[in-house]
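Here the structure is laid out as structure tokens; the discussion comes afterwards.
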Amino acid sequence: MCGGGTPSVVQTDPQAEADAAADAAAKAANADAAARKKRKKGSSLLASGAQGASDSGSSLLSSGAQAAQQKNTLGA
């Protein structure tokens, strides 16, 4: 026969394995949430350099405000 000895038995702690798996899952979830937050922040209008109505003066709202300032009478 080859070795003649008995194979060694590996002792595992189910609670330690469960804790390790929960820790790994929490780290993965946190990394995913951070990636989504970073992607969302990077795709915002402010981050992309969009100009507001006060910057351009050509939006519908700003043109309406300019027209209202030129009226001398209230109403029609």
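The values are calculated or read from the model by the stated rules, or taken from the named source; none is laboratory data. Since this is a predicted model, take the numbers as computed values, not measurements. Note that we place each Cβ from the backbone using ideal geometry, even for glycine, and neighbour counts take in every protein chain shown.
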Original post:
Out of all the residues in the range 33-53, which are at pLDDT below 75 and not in a loop (DSSP other than H, G, I, E, B)?
Top reply: A53
Subject >> Answer from A28, A65 - the residue that is part of a helix (DSSP H, G or I), surrounded by 10 or more Cβ atoms within 10 Å (Cβ to Cβ) and at pLDDT below 60 >> reply: A65
**OP:** Could you tell me which numbered condition T12 fails, if it satisfies all but one of (1) in a loop (DSSP other than H, G, I, E, B); (2) at pLDDT below 85; (3) hydroxyl-bearing (S, T, Y)?
**Re:** (2)
